[in-house]
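Structure, as C-alpha cells:
The values are calculated or read from the model by the stated rules, or taken from the named source; none is laboratory data. What you see is a predicted model, and the numbers here were worked out from it, not measured in a lab. Neighbour counts run over all protein chains shown; Cβ positions are idealised from the backbone, glycine included. For accessibility, only protein heavy atoms count, side chains too; no ligands or nucleic acids. Shrake-Rupley method; radii C 1.70, N 1.55, O 1.52, S 1.80 Å.
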Amino acid sequence: MPPSIRNISLRHLRMVSVIGRELNISRSAELLHTSQPALSRALAQLESDIGAQLFLRTTTRVALTPAGATLMQHANRVLAELELAQEDLAGLHKGVRGEVRIGMISVFSSELLAKAIGRARDVLPQVAFSVELMRVQELYEALVSGRIDLMLSHPEIELNLTTVDVTELYTEHTEILVSLDHPLTKRKKITEKDLANCHWVLPASETPLRRKLNRFLSLHRPASTKITDVQTDSLYLSNSLVRNSGMLWGVASHVAKQSCSAGGVCILQTGMDTLVSGPMCAMVLREKMIDTSTRTLMNSLRDCAVR
C-alpha cells in the first residue's frame, strides 16, 4: 500500500525539514524546542501513520531514505510558501507603500498589463505603478542594474538564468496589417514576392521580427528593386504609415486587432505561416527577494493571462 500523508500537519513538515537538514536527532530536538525522546517518538509515529520509513537511524548517524528525501523536498516548498504568505500579510497589515517600476517592450499586451495593474491596485491602493517603454537590451540592463523591478518582454535575448527568473505569460504571434484599399487585399493568392515588393514599416533591428523580415526580404526582394522601408518604434506612427502610405506592417496580433478596431486598416490574409510566434514573459531578479508589491503584480499578471 502506498504511503499516505492525508493526516500530516505543519508540525510534521517542520520536523521532517529540520531533521532532514541537520541529520542529527539531538540537535533537531533543540531547534524544535522539544526533547530527544519526544522527537524520536513523534518521528516514529509519523512513519507509522504514513506507512513509510523517512530516516535510517543508528546510534551514530541519521540518513534520509528516498521517501524521506521526497517528503522533505515538499515540506521545504510548503514552508517556504507559508513564509512568503506571512511576509505578504505583514506588508498588507502595515500598509504597503512605495512603487513598482515596470519596463516593457512596446508590443507587450497593454490590455493584460492594464488588467493586472487594476487588480494589484485593488489589493495595494497605496502603491504607485510606473511603466516605461524600452528596447529589449535596455530593459535587461535596467533590470540587472536595479532601475526597474519587473521586465515584460519576449525572451529572445541572452539571459543569465542564474540571476533572472522568467515566467511565461502568453504566446504572441505576428499579423501583417495593410490599409483597407491596399491592392493586396483584392488578391486571391499572395506570394512571397508580392509581399517583398511592398514598402514595409520595420521594427527595431534587434527584435526577432526584424531579423525574420530581413531574411525574408533578402530572399524574395530583387536586389535591383528600389524600395525604401521605414524603421520606427512608434506604434502610432506605424499605424499612420499603414493607413496613409500604403505600407505593410508586421506587428503583434493584439496590436493588429486594436488597430483594426480603430478603423482604416485590416489584417492581410496571406495563407502563409506567421512571421514570428513565441512567448511573452515577465522577468525579475532571482537574487533579489521580491517585495510584496512586485509579487502581487506578478500574481495578477499570471491570473489575468490565463483568463
Task: trypsin sites (Lys or Arg not before Pro) lying in DSSP loop within segment 26-79, provided at most 15 other Cβ fall within 10 Å - done: 61
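For segment 154-296, report the translational diffusion coefficient in µm²/s to the nearest whole number, using Stokes-Einstein at 20 °C, 1.002 mPa s, and a Kirkwood Rh over Cα pairs.
Working: Rh = 16.9 Å.
The diffusion coefficient I find is 127 µm²/s.
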TODO: Let me have the relative contact order for segment 156-298, percent, based on Cα pairs under 8 Å that are six or more residues apart.
DONE: 46
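Assign unit charges at the C-beta atoms only (+1 for Lys and Arg, -1 for Asp and Glu), then state the dipole size of the chain relative to its Cα centre in Debye, rounded to the nearest 20. Intermediate results must be reported in sequence, preceding the final value.
Values: 35 positive and 31 negative charges, 98 e Å.
The dipole of the chain has a size of about 480 debye.
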Task: Separation of the residue 206 and residue 63 label points, Cα + 7 Å toward Cβ, nm - done: 5.2
Task: Positive minus negative residues near residue 267 (Lys, Arg vs Asp, Glu; Cβ under 13 Å) - done: 0
Task: Of 251, 140, 117, farthest towards positive along the dipole that unit charges on Lys, Arg, Asp, Glu beta carbons give the chain - done: 251
TODO: Among 292, 197, 78, flag the residue with its Cα farthest along the positive direction of the charge dipole of the chain, charges on Cβ as +1 for Lys/Arg and -1 for Asp/Glu.
DONE: 197
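Report in % the part of the accessible area of the chain that belongs to carbon and sulfur, leaving out ligands and nucleic acids; probe 1.4 Å.
Within the chain, the accessible surface is 52 percent carbon and sulfur.
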- [ ] Can you tell me the 0 to 90 degree angle between the C-alpha axis of helix 253-262 and the longest principal axis of the chain, rounded to 10?
- [x] 50
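Classify segment 242-307 from the C-alpha gyration tensor, please: rounded if a/c falls under 1.5, else prolate or oblate depending on whether a/b exceeds b/c. Mind dumping the intermediate values first?
Numbers: a/c = 3.00, a/b = 2.48, b/c = 1.21.
Taking the square roots of the gyration eigenvalues as a ≥ b ≥ c, segment 242-307 is prolate.
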Task: residue 180 paired with residue 70, simple spin-label distance in nm, labels 7 Å along Cα-to-beta-carbon - done: 6.3
Open item on the list: Taking the solvent-accessible surface of protein heavy atoms with a 1.4 Å probe, what is the per residue accessible area of the chain in Å²?
Closed with: 56
Task: Local net charge near residue 254, Cβ-Cβ under 12 Å (Lys/Arg +1, Asp/Glu -1) - done: -2
Task: Cα-centre dipole for segment 224-291 with unit charges at Cβ (Lys and Arg positive, Asp and Glu negative), debye to 20 - done: 140
Open item on the list: Run the simple label-point estimate for residue 9 and residue 173 please: 7 Å along Cα→C-beta, distance reported in nm.
Closed with: 5.4
TODO: May I ask for the angle, rounded to the nearest 10°, between helix 110-123 and the longest principal axis of the chain, with both axes built from Cα atoms and the value confined to 0 to 90°?
DONE: 40
TODO: Would you give the gap between the C-alpha center of segment 155-181 and the C-alpha center of segment 192-213, rounded to a whole Å?
DONE: 17
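Excluding residue 28 itself, what net charge comes from residues whose Cβ is under 9 Å from its Cβ, given Lys and Arg +1 and Asp and Glu -1? Walk me through the intermediate numbers first.
Details: positive: 21, 27; negative: 22, 30.
Value of the local net charge: 0.
Multiply the residue gap between residue 220 and residue 34 by 0.36 nm, knock off their C-alpha separation, and tell me the result in nm, one decimal place.
Values: separation 186, 0.36 × 186 = 66.96 nm, distance 7.66 nm.
Gain on stretching residue 220 to residue 34: 59.3 nm.
Return the loop-located GluC sites (Glu not before Pro) in segment 123-185 (DSSP other than H, G, I, E, B) with at most 10 other Cβ atoms within 10 Å of their own Cβ; answer none if there are none.
Sparse-neighbourhood loop GluC sites (Glu not before Pro): 158.
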Open item on the list: Can you give me the long-range amide H partners of residue 202? Hydrogens built in the peptide plane at 1.01 Å from N, cutoff under 5 Å, separation of 5 or more residues or another chain.
Closed with: 230, 231, 232
